Amino acid sequence: MHSLGIQYELLTDGPTLQLVVPAELFEKAKYELWQYEIENRQPPASPSRLTPVYQNATPGVLVYAAIITLVAVLAGEAALDRNWFAAGRVDGVLIRNGEWWRSVTALTLHSGLKHYAGNLGFGIAFGIMAGRVLGSGVTWFAVVISGGCANLLNTLLLDSSHRSIGASTAVFAVLGIVAGFVWRGKLMKQDRWAYRIGPIVGGLALLAYTGAGDANTDVGAHVAGFACGFISGTALTHWYHLVPQPNVQRAAGVLAILIVVAAWIFALGNA
């Protein structure tokens with residue numbers, strides 16, 4: 001106030017401090033105080049966002065393509081004198097009786113060329129999206145876990161006679177992983193509500209567009225896959241600092257493959 005030529009006096013009354021100015025300078029003093037507050041106001045802190053470290057998604061999608069292609073050939077040839085479809089499909093009764101491996105083996109089986117080609121194409125597309133930000137190993141480990149959990153969940157929610165096969169559950173788990181990670185990691189602009197829910201809306205739109213299908217489509221498995229993937233994607237934001245480490249990617253990738261192989265060993269061994 002002194003530098004502005006405004007006469008003032010400070011009065012204290014215990015914890016209270018009062019600024020007293022002449023009546024004719026009251027409005028000017030109030031304006032100057034308001035200006036001081038505006039100029040010194042701290043800008044609002046921007047929400048904490050993850051900084052993506054872009055990874056090589058190619059190894060993951062190549063292994064995915066190789067596995068579902070290999071299983072398609074072996075199942076079509078009834079290799080090892082086993083009915084791979086009967087041994088590996090989701091079967092509500094058998095899963096409830098302890099054959100958990102079916103929730104994983106079913107992800108690698110297909111009913112025909114069209115079914116296989118659709119899941120191959122969408123799996124590669126969504127796998128590249130996820131692998132770019134999460135890495136090949138972490139992405140597909142999360143997919144195997146999310147897809148398996150989705151099949152288990154779908155089985156528990158439906159009649160025990162429910163049966164299904166197909167990688168589409170895993171494909172929509174990848175989509176859910178991307179949506180959950182982008183949303184929780186705040187990778188999109190977050191200062192407006194429309195941007196905040198954008199990844200969720202986008203994921204659900206793709207789910208509705210590509211996951212409804214015809215009367216033979218297991219919509220419940222698709223929704224469960226997306227939901228379990230979304231949970232995985234949000235959880236992965238808490239461990240994202242580990243993603244750039246090559247050893248983590250390799251370990252996660254090898255573990256994902258071992259889970260699939262072990263599931264098929266159990267399946268064929270009990271066929």
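Read-outs: derived from the displayed coordinates by stated rules, not from any lab. It should be emphasised that the depicted structure is a prediction, and the values quoted were computed from it without experimental measurement. Using ideal geometry, Cβ is built from the backbone for each residue, glycine included, and neighbour counts are taken over all protein chains shown.
Cα centroids of region 57-106 and region 243-261: 19 Å apart.
Can you tell me which of 148-160, 91-103 comes out highest on packing, and rank the rest after it, using the mean Cβ neighbours within 10 Å?
Values: 148-160: 19.7, 91-103: 17.5.
Descending mean neighbour count gives 148-160, 91-103.
Relative contact order of region 20-137: 41 percent, from C-alpha pairs under 8 Å at least 6 residues apart in sequence. Using 0.36 nm per residue and subtracting the Cα-Cα separation, the extra length available between Leu33 and Tyr54 on full extension is 2.7 nm.
Residue ranges 176-183, 66-73 sort as 176-183, 66-73 when ordered by packing (mean number of other C-beta atoms within 10 Å per residue, highest first).
Relative protection proxy for 54-65, 21-32, 130-141, 240-251, from highest mean packing down: 130-141, 54-65, 240-251, 21-32 (other beta-carbon atoms within 10 angstrom).
Rounded, prolate or oblate: which fits region 90-155, taking a ≥ b ≥ c as square roots of the Cα gyration tensor eigenvalues, rounded meaning a/c under 1.5, else prolate when a/b beats b/c?
Numbers: a/c = 3.25, a/b = 1.46, b/c = 2.22.
Cα axes put region 90-155 in the oblate bin.
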